[in-house]
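Heads up, the thing below is written out as structure tokens.
The values are calculated or read from the model by the stated rules, or taken from the named source; none is laboratory data. Model, not experiment: these values are computed from the prediction. Note that we place each Cβ from the backbone using ideal geometry, even for glycine, and neighbour counts take in every protein chain shown.
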Amino acid sequence: MSDLFHRDFFEGNRERLRQLFTGTAPIILTANGLLQRASDEAYPFQQDASFWYLTGCEDPDVLLVMDKQKEYLIVPHREGVREAFDGAVDFDALSKVSGVKEIVDEKEGWRRIEKRLKKVKNVATLAANPRYIEHFGLYANPARAELARHIKAVNPEVELLDLRPHLSRMRMVKQEPELQALQRAIDITIDTIKEVTRAPKLTKYAHEYELEADISRGFRRRGASGHAFTPIVASGKRACTLHNVANTGELHKADMVTLDIGAEYEHYSADITRTFSLGGAMNHRQQTVYDTVRDVQEYAFSLLKPGVLIREYEKQIETYMGEKLRELNLIKTITHESVREFFPHATSHFLGLDTHDAGDYDKPLVSGVVITVEPGIYIPAEGIGVRIEDDVLITDSGTKNISGRLPR
């Protein structure tokens, strides 16, 4: 049982969803499904973040039905052999954590759903991503698409209403247990970074994967469930590939190394980046680029407060970064294209259950939002990649750098 998240958290989230979604259509949501890794083995299971947010459920393929003031969970059938290997779903434990009093098996659950679907014109659910998300080169978890297919098989005329905008706005503003979980994930990450980068330990690593291994050990030893995302340990020119996750390169004293890592604690993600000199001191060019990135980050901090629109904020930072890149003699004219050649990513994203968390980028920031602030400059021709990233809470009075305990 979690120390931070109890049934009242999940019950409260479901009630908030009812208030946001004012329609009378039944709400039917699905957990993620298992994904095949090899023959009869699955990849480690990762729950759909919004489904966990509403139920606290850690099991695959469970359905949540909310119909007016009634609600119940549907637990799928498991063959005896699978139960022997994976265990059975504990109905009592699931009810206790979720606060959903009624839990039924798959046969009974779909009997109820099918009876209801024949009488309604709309069903509210979380829309499925495309089977293949070309922008990221990812295949989507098929659970949402399979649920939609099953609903349409019962009533081809039913219209599916997308609840993603509602969940995005809900998850965007963090509640107190969420802030506590985030802070714990951040503190674990900070203490681990301090441990692996202290002199002279940092100079003894010969390969990126050695650093990665000690980071993994540090996270688990301090109470994290593991990494919130695949860790990035990238030195020299490899740091110019933003998601360089192979972590196989050799470490050389003349290089800098970028650590972009985050512990996961109670499902919540830290996301912190620091760039270090492996030899103890940066050369003049490295130091100049590093100081520039830090300066841009300070400028970004100065802009943040309640009421700020992220899209406008990003435009301001792009202009400021352009001035700095011109001072570094990397560009002559400030244009979107020239700046993005050396600064190809956004400065900020929402942080929470997902590292790139749900949120509405067209809504102004409000107290309780947590975002990252991570400018970077990448110069492949010079073998220099610098990124500095902190996690920032928007408050009534401005901001709080909740990863600020880690020196920059």
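Some observations on this one:
- Residue match in the range 62-83 (condition: loosely packed, with under 15 Cβ neighbours inside 10 Å, among the charged types (D, E, K, R) and part of a helix (DSSP H, G or I)): yes
- Residues in the range 203-252 that are part of a helix (DSSP H, G or I) and touching a helix residue (DSSP H, G or I) at 6+ places or on another chain (Cβ under 7 Å): Leu211, Asp214, Ile215, Gly218, Phe219, Lys237, Cys240.
- Selection within the range 182-206: residues that are aliphatic (A, V, I, L, M) and at pLDDT 95 or above. The member of this set that is farthest from Gly368 (Cα to Cα) is Ala206.
- For the range 144-155, a tally of residues being over 19 Å from Phe51 (Cα atoms) and surrounded by 13 or more Cβ atoms within 10 Å (Cβ to Cβ) returns 3.
- Some residue of the range 42-57 being in a helix (DSSP H, G or I), surrounded by 14 or more Cβ atoms within 10 Å (Cβ to Cβ), touching a residue at least 40 places away in the same chain (Cβ under 8 Å) and touching a Gly at 6+ places or on another chain (Cβ under 7 Å): no
- Selection within the range 305-351: residues that are of a type in the set (Ser, Thr, Tyr) and in contact (Cβ under 8 Å) with a residue 40 or more places away in the chain. The member of this set that is surrounded by the fewest Cβ atoms within 10 Å (Cβ to Cβ) is Ser348.
Conditions (1) surrounded by fewer than 18 Cβ atoms within 10 Å (Cβ to Cβ); (2) small (Gly, Ala, Ser); (3) within 27 Å of Ala42 (Cα to Cα), marked per residue:
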| site | (1), (2), (3) |
| --- | --- |
| Asp105 | yes, no, yes |
| Val120 | yes, no, no |
| Thr125 | no, no, yes |
| Gly137 | yes, yes, yes |
| Pro142 | yes, no, yes |
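- In the range 98-145, the residues that are among the β-branched types (Val, Ile, Thr), outside any loop (DSSP other than H, G, I, E, B) and farther than 13 Å from Leu29 by Cα: Ile103, Val104, Ile133
- Against the criterion of being at pLDDT 95 or above, in contact with a Ser or Thr (Cβ under 9 Å, 6 or more places away or on another chain) and not β-branched (Val, Ile, Thr), Arg311 does not qualify.
- The residues in the range 307-328 that are within 22 Å of the chain's Cα centre (by Cα) and over 14 Å from Ala346 (Cα atoms) can be counted, and the count is 1.
- Leading residue by the ranking (nearest to Pro380 (Cα to Cα)) among those in the range 319-352 that are of a type in the set (A, V, I, L, M) and assigned to a loop (DSSP other than H, G, I, E, B): Leu330
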